[in-house]
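Structure first, then comments.
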Amino acid sequence: MAKKVLTTPISAEDLEDIHVGDVIYLTGKLTTCRDVAHRRVIEEGRKLPVDIRDGAILHAGPIIRQRGEDDYEMVTVGPTTSMRMEKFEEAFIKETGVRLIIGKGGMGEGMMRGCRDNKVLHCVFPAGCAVVAATCVEKILSANWKDLGMPETLWTCQVKEFGPLIVSIDTHGRNLFEENKVIFNERKEKVFQEIASQVSFIK
């Protein structure tokens, strides 16, 4: 099967045949964007200083090495927990027009609506692979809101085949994490009943 690579700018049509559980990669521009940036846009009504319409963001707090004036190198860029952005993300999608959101772990009903209604994907990058992720960054193009400190700065990067990215919420609003919870709980109950029938003190 051919590797699925999305290239920014991304259209809604690009995402039509992508579903939860699929593995994809990203080439083009990717901007790190965490809690405080979301809060500034949604709670404070500030305009994001970088255009991410039809683009991609990464929930991450990278480690950056400065090599010179406005010259930076990505050292590590591991994803942070996406659920921290859950209360902002649906409104953030509508405000910014972002098309692809990458992070760690699942998200909830607000994000499911945001993905379904605005044709957006949420993907997870494997946790613990921050150095691997950094090797996909060809260049740091800009740094905005540096007053927030290194982890919260908006680092816009040129990336090549950034991934693997596992699709966790697709444009139909399906949620891989929530669907798996149902399956795993059914399996757990079956195993529990089997063990409990043999070991009386468990239940």
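A few comments on the model shown:
- Residues (open to solvent by less than 40 Å² (accessible area, probe 1.4 Å) and modelled with pLDDT of 95 or more) located in the range 78-95: Ser82, Met85, Glu86, Phe88, Glu89, Glu90, Phe92, Ile93
- Applying a threshold of 9 Å to beta carbon distances and a minimum spacing of six or more residues, or different chains, the list of pairs starting in the range 111-126 at a residue that is within 11 Å of Val98 (Cα to Cα) and open to solvent by 40 Å² or more (accessible area, probe 1.4 Å) and ending at one that is in a loop (DSSP other than H, G, I, E, B) and of a type in the set (Asp, Glu) reads Lys119/Glu16.
- Picking from residues in the range 128-153 that are under 17 Å from Val75 (Cβ atoms) and in contact with a Lys or Arg (Cβ under 9 Å, 6 or more places away or on another chain), the one that is most open to solvent (accessible area, probe 1.4 Å) is Glu138.
- Verdict on Ala37 being buried (at least 17 other Cβ atoms within 10 Å of the Cβ) and touching a residue at least 60 places away in the same chain (Cβ under 8 Å): yes
- From Thr7, Thr27, residue being out of contact with any helix residue (DSSP H, G or I) (no Cβ under 7 Å at 6 or more places or on another chain), open to solvent by 20 Å² or more (accessible area, probe 1.4 Å), β-branched (Val, Ile, Thr) and without any contact (Cβ under 8 Å) to a residue 24 or more places away in the chain: Thr7
The values are calculated or read from the model by the stated rules, or taken from the named source; none is laboratory data. Predicted model, so just to flag it, every value in this text is computed and none were measured. Heads up, the Cβs are rebuilt from the backbone with ideal geometry, glycines too, and the neighbour counts pull from every protein chain shown. For accessibility, only protein heavy atoms count, side chains too; no ligands or nucleic acids. Shrake-Rupley method; radii C 1.70, N 1.55, O 1.52, S 1.80 Å.
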